[in-house]
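Beneath this line is the structure, given in structure tokens, with notes to follow.
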Amino acid sequence: MSKIIIKGGQSLSGIVKVSPAKNAVLPIIAASLLSKTPCLIEEVPDLADVRTICSAIEFLGARVEKEGAGLKISTPLVESNEAPYEFVRKMRASFLIMGPLLARTGRARISTPGGCAIGTRPIDLHLKGFCLLGADIKQGQGFIEARADQLVGSRIYLDYPSVGATENIMMAASMARGATIIENAAEEPEVVDLSNYLNTMGARIKGAGTKIIRVEGVEELTGSEYSVIPDRIEAGTFLAAVAVAGGDVVVDNVISGHINPVLAKLQESGVDVEDGEGYVRISGDGGLLPTDIKTMPYPGFPTDMQPQLMAMMVLAGGTSVITETVFENRFMHVNELKRMGARIKVSGRTVIVQGVEKLTGAKVKATDLRAGAALTIAGLAAEGTTEISNIYHIDRGYEKFVEKLKGLGADIIREE
Ligand code: EPZ
């Protein structure tokens, strides 16, 4: 069992480069199934989740080859219409294969994604969209099967602006007959990136990044070359790390417009944030003011940054209120932070954080990807040594996380 071991107390300095966005590259890799001709994704982060979705599409008949720092994906022929449990169990985002597979072949049989630590993660809105596009959906024996000889454009209202449902429906609708309108669509930058990628393949999608997305179905999509947006959550994670540890760091390869809520909260907590062109410079002495957070769909404060901000607020000089409105169970990091001396009270979807003078290092475990990042951040400032286990969660979404923090001066190692 590999672990991360951190000796707290070091401030951070230097420059760190953000990798391409995990939550953009995953749907983009799935969307490559729509084309018979090769697609080139210029730079792809080396993440466990990327490896999982690549093995899932290879299982279906895609050929995935390393091309420099990127991937070349060719699927001249789809050999299977089924994504088995082993892929979906490892990563729910494998369900993003359903839309492209249905559009390309008229049949998709995907293992029903289980829930995960942060919530039940239903897929009812994905299935509602496929139904409205004319697919016949059957569920049973742990599988969901969708069939449609020809998908037909439709008007689809999403009860919740689900990122995955918006992406899955957009991919299916891109090759439906006629027009599709997705209302109350998710507006995340990763949805926009997927839409831009599909349009380079010949799709005709307008409005991504707003609540109403219009898709004009086309007969065929062809391969293209594409470079993915930087990972706004990785960027926010490093900014929160500097806020807690103190120091002066340039976080490079950032589209600051994608993390305005995070920059606002960092400023409210008293750190100096300079929004450069393509980078953000942050400096502080580790002293933090309390601030309140309420997670919302984009452009609100991102739920994927809630654990990291909590790791900051546990050391702020006062009381902060954090409300998680997106997922029903995204507070597993609370008990682990309390083992380090944090004072946090949970009531339903809200936690009250009483800032403390200092945290003490402890043995803690990552319960999900962002919780692992939050515990690492807390360990940077804690007195003594913090040992984090179950770090396979962190490997799912952070490329070279330990190396990048070590490069900024953190006293951190990974022990296999
Ligand atoms: C994406 O998950 C991200 N994952 C998540 O990032 C992120 O937290 C989430 O969007 C919200 O921003 C990827 O992009 C691979 P949702 P997704 O569908 O698409 C409800 C990370 O740390 N819902 O927007 O699964 C659902 O219950 C991960 O990188 C339905 O009710 O998120 C949840 O409460 C964690 N029915 C809310 O929507 C549905 O059919 C948000 O889910 C679908 C979703």
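The values are calculated or read from the model by the stated rules, or taken from the named source; none is laboratory data. This one's a predicted model, so the numbers in the text were calculated from it and none came from an experiment. Cβ sites come from the backbone with ideal geometry, for glycine too, and all protein chains shown count toward neighbours. Areas reflect the complete protein model, heavy atoms only, side chains present, ligands, DNA and RNA absent. Shrake-Rupley method; radii C 1.70, N 1.55, O 1.52, S 1.80 Å.
Which value, in nm² and rounded to one decimal, describes the direction-averaged projected area of the C-alpha convex hull of region 127-243?
9.2
What does the extension gain come out to for residue 383 and residue 177, with contour length at 0.36 nm per residue minus their alpha carbon separation?
68.0 nm
Determine ³J(HN,Hα), in whole Hz, for all residues of region 386-400 in sequence, where each value follows from phi through the Karplus function 6.51 cos²θ - 1.76 cosθ + 1.60 and θ = phi - 60°; x replaces Gly and Pro.
Once rounded to whole Hz, the list reads 10, 10, 10, 9, 6, 7, 4, 4, 5, 5, 5, x, 10, 7, 6.
For the chain, give the magnitude of the charge dipole about the Cα centre (Cβ charges: +1 Lys/Arg, -1 Asp/Glu; no others), in debye to the nearest 20.
Charge dipole of the chain: 1020 debye, to the nearest 20.
Rank these residues by their accessible area, most exposed first, probe 1.4 Å: 275, 304, 193, 248.
The ordering from most to least exposed comes out as 275, 248, 304, 193.
Sorted by accessible area with a 1.4 angstrom probe, largest first, how do 285, 252 fall?
285, 252
For the pair residue 343 and residue 260, how long in nm is the line joining their label points, each one 7 Å along Cα→Cβ?
3.6
Provide the three semi-axes, in whole Å and in decreasing order, of the ellipsoid equivalent to region 22-226 as defined by the square roots of 5 times the Cα gyration tensor eigenvalues.
So the three semi-axes of region 22-226 are 22, 20, 17 Å.
Run the quick spin-label model on residue 225 and residue 277: label points 7 Å from Cα toward the beta carbon, then report their separation in nm to one decimal.
In this crude label model, residue 225 to residue 277 measures out at 2.4 nm.
Report the calculated FRET efficiency for residue 1 and residue 157 (r = Cβ-Cβ distance, R0 = 41 Å), to the nearest 0.05.
That pair, residue 1 with residue 157, gives E of 0.35.
How much FRET efficiency would the formula 1/(1 + (r/R0)^6) give for residue 358 and residue 218, where r is the Cβ-Cβ distance and R0 is 51 Å, rounded to 0.05?
It comes out at approximately 0.30.
If you wrap a convex hull around the C-alpha atoms of region 72-126 and split its volume per residue, what is the figure in Å³?
Given the Cα convex hull of region 72-126, per-residue volume reads 102 Å³.
Per the 1.4 Å probe, what fraction of the accessible area of region 328-416, in percent, lies on carbon and sulfur atoms?
In region 328-416, the share of accessible area belonging to carbon and sulfur is 48 percent.
With 12 Å as the cut-off, how large is the P(r) tail for region 374-416, expressed as percent of Cα-Cα pairs?
More than 12 Å apart: 62 percent of the Cα pairs in region 374-416.
Applying the Karplus parametrisation 6.51 cos²θ - 1.76 cosθ + 1.60 with θ = phi - 60° to the phi angles of region 154-168, what ³J(HN,Hα) value in whole Hz is obtained for each residue in order, glycine and proline being reported as x?
With the stated coefficients, region 154-168 comes to 7, 9, 10, 9, 8, 4, 9, x, 6, 4, x, 5, 4, 5, 4 Hz.
Given a Förster distance of 30 angstrom, what is the FRET efficiency for residue 403 paired with residue 248, based on the Cβ-Cβ distance and rounded to 0.05?
Here the calculated transfer efficiency is 0.90.
What number results when the radius of gyration of the chain, computed over Cα atoms, is divided by 2.2 N^0.38 Å?
0.98
Which whole-number value in Å³ per residue fits the convex hull of the alpha carbons of region 249-405?
It comes to 105 Å³ per residue, whole-number rounded.
So how strong a dipole does region 51-171 carry about its Cα centre when Lys and Arg Cβ are +1 and Asp and Glu Cβ are -1, to the nearest 20 debye?
Once rounded to the nearest 20, the dipole reads 140 debye.
Nearest 5 is fine: what % of DSSP beta bridges in region 22-226 come out antiparallel, could you say?
Within region 22-226, antiparallel bridges account for around 75 percent of the total.
What's the center-to-center distance, using Cα atoms, between region 151-197 and region 87-111 in Å?
Computed from Cα coordinates, the inter-centre distance equals 15 Å.
With +1 on each Lys and Arg Cβ and -1 on each Asp and Glu Cβ, how big is the dipole of region 22-226 about its Cα centre, in debye rounded to the nearest 20?
About 440 debye.
Determine the relative contact order of the chain: mean sequence separation of Cα pairs under 8 Å and six or more apart, normalised by residue count, in whole percent.
Computed over the chain, the figure is 21 percent.
Along the positive direction of the dipole of region 261-343 (beta-carbon charges: Lys, Arg +1; Asp, Glu -1; about the Cα centre), which of 315, 340, 273 reaches farthest?
340
For the residue pair residue 323 and residue 150, what label-to-label distance in nm results when each label sits 7 Å from Cα along the Cα-to-beta-carbon direction?
4.9
Would you mind working out the accessible area per residue for region 22-226, using a 1.4 Å probe, and quoting it in Å²?
39
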